[in-house]
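A short write-up of the structure that comes next.
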Amino acid sequence: MPLTSYDQAKPYTSKIVRKTSSQQMPPWFADPSVGRFANDPSLTPQQIATLAKWAELGAPAGDPRDAPPPRQWPAGWNIPEPDVTIAMPQPVSLPASGTVDYTYEIVPTGFNEDRWVRMSELRPLARASVHHAVVYIRPPNSKWLRAAPLNTPFTGMSLPTPELRREAQWTDSDLLLVYAPGSAPDQWPEGLAKFVPAGSDLVFQMHYVTTGKPVTDRSSVGIVFAKQPPQKRVVTLQLTNDSFLIPPGAANFRVEAWGTLPGDCTLLGFFPHMHLRGKRFEYDIVHPGGRVEPLLRVNYHFHWQLSYKLAQPLELKAGTKLQAVAWFDNSAANPHNPDPTRMVRWGDQTTDEMMVGFFDVAIPAAMDKWQFFAERVKR
């Protein structure tokens with residue numbers, strides 16, 4: 001449904017007015033009463049009214065001499081031309097139907113020196129089949145999945161020992177980026193970047209879904225390096241609860257997770273992740289005495305999983321208690337619910353559920369994630 005010219009847009013006049021007046025488009029799900037976000041694409045009331053008036057007048061084309069120059073859309077990447085592209089060496093063949101276990105591919109970066117990454121973007125080849133993807137940075141001193149094969153796809157269940165299969169489920173490695181439908185590439189402001197040590201591997205963790213026909217995926221990551229060492233390092237943390245049980249028919253089931261920051265940091269933004277029963281998600285600061293300060297409230301939409309970048313990054317002190325709260329709709333009234341009669345647990349597949357509150361913070365450039373967590377021990 002291209003909308004880049006008048007001739008393309010006019011047949012959709014009534015739908016444009018309906019979707020913009022209901023604020024379904026552009027997609028944005030943050031409660032406007034909580035926080036301000038740099039990537040908020042919402043239209044102003046005046047812009048919405050202009051579109052409605054345009055439709056009321058018969059959707060006139062206007063004078064072509066007043067039109068701006070045609071916009072030049074990126075031909076491939078949504079970030080500047082990458083300095084390096086790292087692709088999964090082997091394609092992954094996906095069946096027409098059924099479920100696909102999480103698929104991993106470990107790819108050496110070949111970096112002979114430490115690199116600072118200012119921008120990164122994941123591009124799936126089979127876009128409709130990628131439910132979401134996480135790309136981890138495995139530094140050379142990490143023991144995670146060291147017995148797993150390099151440069152070839154594998155699943156956790158295909159690994160030969162129970163210990164390796166458990167390793168595939170959880171890691172303390174830092175994230176390069178998270179991708180989901182609707183999410184934007186990571187593009188950090190000047191002075192901020194993610195760190196990839198020399199000799200690191202990238203671990204692609206791919207959650208695939210089947211689409212009714214066999215396809216092949218070979219996802220890749222484009223990387224733009226910082227031109228100079230940054231003042232601060234970006235690390236991605238998460239608040240996760242994986243022990244919930246959502247009863248059949250529950251329309252507003254609450255799940256929470258919380259933790260305290262081990263050191264001072266700058267909060268940059270959020271990326272909530274749930275599955276088809278996801279209803280709402282909230283991030284809060286819980287102050288001493290119990291006062292709750294909301295930072296973000298999202299009316300969750302599984303098919304538009306967005307990141308929320310703070311318009312004004314927030315300086316937080318060590319010991320700050322952060323809370324994430326998720327609400328799930330397991331009732332028959334949820335049109336996306338695959339089975340309202342089922343008790344729902346944490347699981348990898350879309351028909352299961354997840355509760356993950358990713359959030360990005362900036363810490364001193366010379367400090368890695370584990371030094372950051374060691375601050376708690378020092379205190």
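Brief remarks on what is shown
- Picking from residues in the stretch 164-185 that are more than 19 Å from Met88 (Cβ to Cβ) and outside any loop (DSSP other than H, G, I, E, B), the one that is modelled with the highest pLDDT is Asp174.
Results for (1) in contact (Cβ under 8 Å) with a residue 12 or more places away in the chain; (2) touching a Ser or Thr at 6+ places or on another chain (Cβ under 9 Å); (3) closer than 24 Å to Ala180 by Cβ; (4) not polar (S, T, N, Q), shown as yes or no for each residue.
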site: Pro82; (1), (2), (3), (4): yes, yes, yes, yes
site: Thr85; (1), (2), (3), (4): yes, yes, yes, no
site: Val92; (1), (2), (3), (4): yes, yes, yes, yes
site: Gly98; (1), (2), (3), (4): yes, yes, yes, yes
site: Tyr104; (1), (2), (3), (4): yes, yes, yes, yes
site: Ala133; (1), (2), (3), (4): yes, yes, yes, yes
site: Pro140; (1), (2), (3), (4): yes, yes, no, yes
site: Thr161; (1), (2), (3), (4): yes, no, no, no
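- Answer from Phe373, Phe359 - the residue that is out of contact with any His (no Cβ under 9 Å at 6 or more places or on another chain) and crowded, with 20+ Cβ neighbours inside 10 Å: Phe359
- Pairs linking a residue in the stretch 13-38 that is touching a residue at least 40 places away in the same chain (Cβ under 8 Å) and of a type in the set (D, E, K, R) to a residue that is part of a strand (DSSP E or B) and buried (at least 16 other Cβ atoms within 10 Å of the Cβ), with Cβ atoms under 6 Å and 6 or more positions apart or on different chains, are Asp31/Arg297.
- Selection of the stretch 210-222 for residues being under 17 Å from the mean Cα position of the chain (by Cα) and either of a type outside the set (Gly, Ala, Ser) or assigned to a loop (DSSP other than H, G, I, E, B) (or both) yields Ser219, Val221.
- Of note, Gln90 satisfies the criterion of being of a type in the set (S, T, N, Q), over 30 Å from Leu267 (Cα atoms) and in a loop (DSSP other than H, G, I, E, B).
- Only one entry of Pro340, Pro288 meets the criterion of being without any contact (Cβ under 8 Å) to a residue 12 or more places away in the chain and surrounded by fewer than 22 Cβ atoms within 10 Å (Cβ to Cβ), and that entry is Pro288.
- Only one of the numbered conditions (1) exposed (fewer than 11 other Cβ atoms within 10 Å of the Cβ); (2) of a type in the set (Val, Ile, Thr); (3) in the same structural domain as Ala148 (by TED's automatic domain parsing) is not met by Thr99, and that is (1).
- Within the stretch 189-203, if we keep just the residues that are modelled with pLDDT of 95 or more and in a loop (DSSP other than H, G, I, E, B), the residue that is surrounded by the most Cβ atoms within 10 Å (Cβ to Cβ) turns out to be Ser200.
- Of the residues Thr351, Thr320, the single one that is among the hydroxyl-bearing types (Ser, Thr, Tyr) and modelled with pLDDT under 95 is Thr351.
- Of all residues in the stretch 114-147, those satisfying the criterion of being within 22 Å of Trp188 (Cβ to Cβ) and aromatic (Phe, Trp, Tyr) are Trp116, Tyr136.
The values are calculated or read from the model by the stated rules, or taken from the named source; none is laboratory data. What you see is a predicted model, and the numbers here were worked out from it, not measured in a lab. Note: ideal-geometry Cβ built from the backbone for every residue, glycine included; neighbour counts use all protein chains shown.
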